Amino acid sequence: MHRRATAELLGTFWLVFGGCGSAVLAAAFPDVGIGLLGVALAFGLTVLTMAYAVGHISGAHFNPAVTVGLWAGGRFPARDILPYVLAQVAGAIVAAYVLYFIASGAPSFDLAQSGLAQNGFGDASPGHYSIAAALTIEVILTAGFLIVILGSTDGRAPAGFAPIAIGLALTLIHLVSIPVTNTSVNPARSTGPALVVGGLALQQLWLFWAAPIAGGILGGALHRILFARGENPDVAGDAGAQHR
């Protein structure tokens, strides 16, 4: 478990540092900023690259909603949920503080004004979307994300391509929802920046745990009911090989 937890911590660090870092450091950089498309692609690339790097060790969840959703889909043991989630949250928090340290190296950076790509609704939403809109989109997109993950890692799916499908799915999710919530679908990703920024981001953090977890369970259950057939491996890296 310590190997798997370390892989989850490292992968979640990479996701938050790479994804949120692209938003904070590069999205609006004068004249050559990468914009929303670049940020969406950066988040997808973090998952794609780390899934190939450590997916064989831990299953490459990097997200408490994914871990819980895989359990709901019958592809992950309940006893391993807590250590995975703790490792994911720890990786996200470390990434957020490292990103804050780097961003603070620019004289123009102001945490209160610029933030760390934290998630929010209402006044904290990039487009000032309502709490109902934020809740709905986070549930739907996380559910869809789990269906992609479970389908692409199914024993009947083409081998070796799951990280590509999952990374592109996360890119698509960000393209849709950055204006609404700054895109969470991942409670760990939301927790790191919220703890650093504090204030409204921390007050609204509950939604970015509740909605993605609910969406993860919904997506996992739907896939299990509609599409599961026969024996499929646990999405748990080397532990899955041990269980088989």
Diffusion coefficient in µm²/s returned for region 33-81 by Stokes-Einstein, Kirkwood Rh over C-alpha pairs, 25 °C and 0.890 mPa s, is 201 µm²/s
Per-residue ellipticity at 222 nm attributable to helices in the chain (runs of n ≥ 4 DSSP H, -39500 (n - 2.57) apiece, nearest 500 deg cm²/dmol) works out to -22000 deg cm²/dmol
Using the Kirkwood radius over Cα pairs of region 1-72, the Stokes-Einstein translational diffusion coefficient at 10 °C and 1.306 mPa s, in µm²/s and rounded to a whole number, is 123 µm²/s
Counting Lys and Arg as +1 and Asp and Glu as -1 over every other residue whose Cβ sits under 10 Å from the Cβ of N63, the net charge comes to 0
Output ordering of 104-110, 197-203, 72-78, 54-60 (per-residue mean of other Cβ within 10 Å, highest first) is 54-60, 72-78, 197-203, 104-110
In cubic angstrom per residue, the convex hull of the chain built on its Cα atoms measures 109 Å³
With Cα springs under 10 Å, the Gaussian network model of the chain assigns the largest mean-square fluctuation among I217, I149, I164 to I164
With Rg from the Cα atoms and Rh as the Kirkwood inverse mean 1/r over Cα pairs, region 79-126 has an Rg/Rh of 1.12
For the chain, the helices passing both cut-offs (Cα extent along own axis of 18 Å or more, Kyte-Doolittle mean at least 1.6, full DSSP H runs) are 35-58, 81-103, 131-152, 162-181
Filtering chymotrypsin sites (Phe, Trp or Tyr not before Pro) in region 142-234 by DSSP loop and by at most 14 other Cβ atoms within 10 Å leaves F161, W206, F227
Mean separation of Cα contacts under 8 Å (at least 6 apart) over the residue count of the chain, i.e. the relative contact order in percent, is 32 percent
Rounded to one decimal in nm, the spacing of the 7 Å Cα→Cβ label points at Q203 and L111 is 1.8 nm
Where a ≥ b ≥ c are root eigenvalues of the Cα gyration tensor, a/c under 1.5 meaning rounded, otherwise prolate if a/b exceeds b/c and oblate otherwise, region 86-179 counts as oblate
In Å², rounded to a whole number, the accessible area per residue of region 1-128 with probe 1.4 Å is 45 Å²
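The values are calculated or read from the model by the stated rules, or taken from the named source; none is laboratory data. In this text, all values refer to a predicted model and were calculated from it rather than measured experimentally. Backbone-built Cβ (ideal geometry, glycine too); neighbour counts: all protein chains shown. For accessibility, only protein heavy atoms count, side chains too; no ligands or nucleic acids. Shrake-Rupley method; radii C 1.70, N 1.55, O 1.52, S 1.80 Å.
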